[in-house]
Amino acid sequence: MQEAESQETKRRKRDFISIFDLSTAELERILSEAEALKRERREGRRIREDLAGKTLTLIFEKPSTRTRISFEVAMRELGGSVIPLSWKEMQLGRGERIKETAKVLSSYVDAVCIRAFKHETVEEFAIHATIPTINALTDREHPCQTLADLLTIIERKGRIKGLKIVWVGDATNVCNSLIGGCALLGAEICVACPKGYEPDAEILRKALAICEQTGGNVELCVGGSEGSGSGGGSELRNAVKDADVLCTDVWVSMGEESEAEKRRRDLHAYRIDGEILSLAADDAIVLHCMPVHIGEELTEDVLYGEHSAVFEQAENRLHTQKALLLKLLSE
């Protein structure tokens, strides 16, 4: 009997490991709820009791600023509590298997949010957990970031369909998730990157299949050859011409430090500076998930210029994650 109940609970629980875990309608509801939560907070109504008595555990295998703090504040402002942990201070750091950890935590807390090097780590945890598992960043996706990105675009531009959204540089985990989010909302995104830095092939396959239903589109504008440091010329300029939204990310992500010199060489032509920004639409906005390495993927004048929506984008992590937590823990 207990085993049957456990299996039923497992079938009912929802995870957020990939942006593709959401339907178009669910994504739209999360964004709408996030807008309402943001308005409430700005009107001074910060504390709600929707998640009173609920506990979220944060597990980080990698460093975090925005993700950790925004999830902690989100949970507390919804009336719940948070237990933040690093991988090394848990028995996971001493060799305990993910399976056993997932089963034990499922009996203690109501949800787990994990930032890991490998996407498979979060997937494995979710298989063995009977509570919601949230991907707080892996090498393949960063779906929580995409929620904030989409909200920022909609706030600034009033819509997302019909816009020209261009990703500039390495198609990172953030890019992979944004591609999926754009597909779900029927938007068009162009990825301008050097050869060898293209989006994940499986992500592209899933996104293009969804685009057939939603009317969105994904284009690749690949220039130069890997290791040449070229390709950011005419290809990039054509891609960003009249763009409504320019998005980028760091050139050297966590875990890629040994490749830093090569990556900087390959990507140096894919910097968003004043010259590149001038080719975009007059009212274009610039997005970057942060942390920013000034002078590499973005110049300081762009980060602090009138076209930058970077700090709004960072704030929106809080509001979209509140909406996500309400969905996963209240429904």
Considering only residues that are touching a residue at least 12 places away in the same chain (Cβ under 8 Å) and of a type in the set (A, V, I, L, M), which ones fall in the range 10-49?
17, 19, 22, 27, 30, 31, 34, 37, 47
Taking the range 21-39 and keeping only residues that are out of contact with any His (no Cβ under 6 Å at 6 or more places or on another chain), open to solvent by less than 40 Å² (accessible area, probe 1.4 Å) and in a helix (DSSP H, G or I), one is left with 26, 27, 30, 31, 36
In the range 90-97, is there at least one residue being under 18 Å from residue 55 (Cβ atoms), part of a strand (DSSP E or B), modelled with pLDDT under 95 and open to solvent by 10 Å² or more (accessible area, probe 1.4 Å)?
no
Of the numbered conditions (1) of a type outside the set (Val, Ile, Thr); (2) surrounded by fewer than 18 Cβ atoms within 10 Å (Cβ to Cβ); (3) in a helix (DSSP H, G or I); (4) touching a helix residue (DSSP H, G or I) at 6+ places or on another chain (Cβ under 7 Å), residue 84 satisfies every one except a single condition; which is it?
(3)
Which is under 22 Å from the mean Cα position of the chain (by Cα), in contact (Cβ under 8 Å) with a residue 24 or more places away in the chain and open to solvent by less than 20 Å² (accessible area, probe 1.4 Å), of 138, 121, 65?
138
Hey, can you tell me all the residues within the range 40-62 that are of a type in the set (A, V, I, L, M) and open to solvent by 30 Å² or more (accessible area, probe 1.4 Å)?
47, 52
Being hydrophobic (A, V, I, L, M, F, W, C) and in contact with a Pro (Cβ under 7 Å, 6 or more places away or on another chain) narrows 126, 111, 36 down to just 111
For the range 153-172, enumerate the residues that are crowded, with 24+ Cβ neighbours inside 10 Å and not aliphatic (A, V, I, L, M).
167, 169, 170, 172
The range 304-331, residues that are open to solvent by less than 10 Å² (accessible area, probe 1.4 Å), outside any loop (DSSP other than H, G, I, E, B) and not β-branched (Val, Ile, Thr):
313, 316, 317, 319, 321, 322, 323, 324, 325
Scanning the range 236-282 residue by residue, those part of a loop (DSSP other than H, G, I, E, B), touching a helix residue (DSSP H, G or I) at 6+ places or on another chain (Cβ under 7 Å), crowded, with 23+ Cβ neighbours inside 10 Å and not aromatic (Phe, Trp, Tyr) turn out to be 249
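The values are calculated or read from the model by the stated rules, or taken from the named source; none is laboratory data. Values in this document were obtained by computation on a predicted structure and should not be read as measured data. Please note: Cβ atoms are built from the backbone with ideal geometry, for glycine as well, and neighbour counts cover all protein chains shown. Remember, those area values only see protein heavy atoms, side chains included, never the ligands or the DNA or RNA. Shrake-Rupley method; radii C 1.70, N 1.55, O 1.52, S 1.80 Å.
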